[in-house]
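The values are calculated or read from the model by the stated rules, or taken from the named source; none is laboratory data. It should be emphasised that the depicted structure is a prediction, and the values quoted were computed from it without experimental measurement. In this analysis, Cβ positions are derived from the backbone assuming ideal geometry, glycine residues included, and neighbour counts consider all displayed protein chains. Ligands, DNA and RNA are stripped out before the accessible areas are found, and what is left, the full protein with its side chains, is counted by its heavy atoms. Shrake-Rupley method; radii C 1.70, N 1.55, O 1.52, S 1.80 Å.
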Amino acid sequence: LKPADVEEVEMQYLYKDGDDFNFMNLTDYDQIPVSKTVLGNNVNYLLEDMTIQVLMFRGRPVAVEVPNFIEAEITSCEPGVKGNTAQGGNKPATLSTGYEVRVPLFIEQGEWIKVDTRTGDYVERVRK
């Protein structure tokens, strides 16, 4: 292996096209598709215009690193049951990325939350 074979490149997520996710290299503005296979669970956390690190091997993407936390909007969840807002417990909610996360009962559709991308867990509500 030569040092030129492997490089870490800062890229911006643009859009999804079938099973490929298109990114733009922030240095030379080239656009490259990255497969769902390379992205793995990181597909759950891709937000439009997000900047991520892409590990390239001989010019091809082989791994990606997303930020440890993202802030995303809840696009779908069941309403909380009155009286359960202060108690423990949680419910499923779908993020704007399409990922389903467990959130406290008081979280409602349209709210923004912080999610830990290393575990996929809800962290806190975010005021937008």
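Listed values, structure above:
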| item | result |
| --- | --- |
| Pair list, Cβ < 7 Å and 6+ apart or interchain, from the range 102-116 residues that are farther than 17 Å from LYS128 by Cα to residues that are among the aliphatic types (A, V, I, L, M) | VAL103/ALA93; VAL103/ILE113; LEU105/VAL81; ASP116/VAL123 |
| Some residue of the range 94-112 being of a type in the set (Val, Ile, Thr), open to solvent by 50 Å² or more (accessible area, probe 1.4 Å) and out of contact with any His (no Cβ under 9 Å at 6 or more places or on another chain) | no |
| Strands (runs of 3 or more DSSP E) (entirely within the range 1-73) containing at least 3 residues that are touching a residue at least 40 places away in the same chain (Cβ under 8 Å) | 6-17, 51-57 |
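Residues are listed down the side, and each one gets a yes or a no for (1) over 21 Å from GLN109 (Cβ atoms); (2) among the aromatic types (Phe, Trp, Tyr); (3) in contact with a Phe, Trp or Tyr (Cβ under 8 Å, 6 or more places away or on another chain); (4) modelled with pLDDT of 95 or more:
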residue	(1), (2), (3), (4)
VAL38	yes, no, no, no
TYR45	no, yes, yes, yes
PHE57	yes, yes, no, no
GLU71	no, no, yes, yes
THR75	no, no, no, yes
GLU78	no, no, no, no
THR85	no, no, yes, no
